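Accompanying notes for the structure given below.
Computed from the coordinates by the stated procedures, all read-outs in this text should not be read as laboratory data. Owing to the predicted nature of the structure, the values given are computational and were not obtained by experimental measurement. Reconstructed Cβ throughout: ideal geometry from the backbone, glycine too, with neighbour counts over all protein chains shown.
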């Protein structure tokens, strides 16, 4: 379960950002989790609330935005979000696509005091 190491890195990043901003505490954390990120959102939340007790993020809420896979078709230029992991353009059915979102875990925002 690599969610534990991901949470530790997230907690470290949040603490660095809070200290840089001169904040005393973090109230809310928003993270975007891509469908292809390899992260289980439920395990991420569980690990976050387990490990944040001894961190700068103690008591902070974690809000997850679940990001579908977004693609751009190289043939017709269509940009689409995929409901299923069917890696072809929904418009022209081409398999010549580029994934443009949905692969990463991204810290989107921090609410601090």
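What the table shows:
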| item | result |
| --- | --- |
| Residue within segment 9-25 that is in a strand (DSSP E or B), within 17 Å of residue 103 (Cα to Cα), in contact (Cβ under 8 Å) with a residue 40 or more places away in the chain and touching a helix residue (DSSP H, G or I) at 6+ places or on another chain (Cβ under 9 Å) present | no |
| Qualifying positions in segment 26-43 - closer than 26 Å to residue 68 by Cα, in contact with a strand residue (DSSP E or B) (Cβ under 7 Å, 6 or more places away or on another chain) and outside any loop (DSSP other than H, G, I, E, B) | 28, 29, 30, 31, 32, 33, 34, 41 |
| Scan of segment 86-113 for residues that are within 26 Å of residue 17 (Cβ to Cβ), surrounded by 17 or more Cβ atoms within 10 Å (Cβ to Cβ) and over 18 Å from the mean Cα position of the chain (by Cα), ordered by number | 112 |
| Some residue of segment 68-85 being surrounded by fewer than 18 Cβ atoms within 10 Å (Cβ to Cβ), within 10 Å of the chain's Cα centre (by Cα) and either in a strand (DSSP E or B) or touching a residue at least 24 places away in the same chain (Cβ under 8 Å) (or both) | no |
